[in-house]
Amino acid sequence: MSAAALALDEPHVLVGPYEPRTSAPAPAAPVAPVALVPPAVSEPMTAADIPQVIELLRAAPQAAYCEWEDERLLSGHLAHSSDLCRVIRTPSGRVVAALLAGSFGVRGSISHAVVDPGHRRLGLARVLAVDTLAAFRRRGVNRIFLAVLDGNEAATALWTGVGFRPALGERTFECDL
């Protein structure tokens, strides 16, 4: 079960639509609670998920995917970071959200988070982020780094919403080998 789901003490329920009052309230008939869709659950990524994850990354320019991040490289990464790399699947097993991360000592890094366009704005990236941060804590990681492309306001809102802040006075440098 995801850390986000564990934080809930009881299922969310709706108790009827909101209607503004225009006069004195009439006696209300009892409204049966309607259960909402169960919360999304992230799971550790498996080697079988990698082709679908690569497909999601390729389709999302904001994910800054590099073609050298192929199945062989990602499979090797999962050998030591499967708890940090997470996916959310539909009931039929299709991967609709993924997050790739790793750690080195007490520092961690999140390299990619991506959600299928048809499943955005449902909180899936937040579930992945919360669950991955919990996995980092279990490993004893003290600081996590990530990069967000300039102008990606959705990613900025996600990461600041789960506790990240811009690193003032720093620049990110990279080098492809």
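None of the figures in this text is laboratory data; all of them are computed from the coordinates on show. The structure presented is a predicted model; accordingly, all values stated were derived computationally and were not measured. We place every Cβ from the backbone using ideal geometry, glycine too, and count neighbours over all the protein chains shown.
Observations
- Taking 0.36 nm per residue of separation and subtracting the Cα-Cα distance, full extension of the segment from residue 152 to residue 134 would add 4.0 nm.
- Projected label distance in nm at residue 160 and residue 80, using a 7 Å step from Cα toward the beta-carbon: 3.5 nm
- In a simple Cβ point-charge model (Lys, Arg +1; Asp, Glu -1; nothing else charged), the stretch 65-177 has a dipole of about 620 debye relative to its Cα centre.
- Coil-residue trypsin sites (Lys or Arg not before Pro) of the stretch 106-177, DSSP, other Cβ within 10 Å capped at 10: 121, 171
- Cα→Cβ-extended label distance, 7 Å offset, between residue 122 and residue 143, nm: 3.6 nm
- Using a simple spin-label model with pseudo-atoms 7 Å out from Cα toward Cβ, residue 55 and residue 73 lie 2.1 nm apart.
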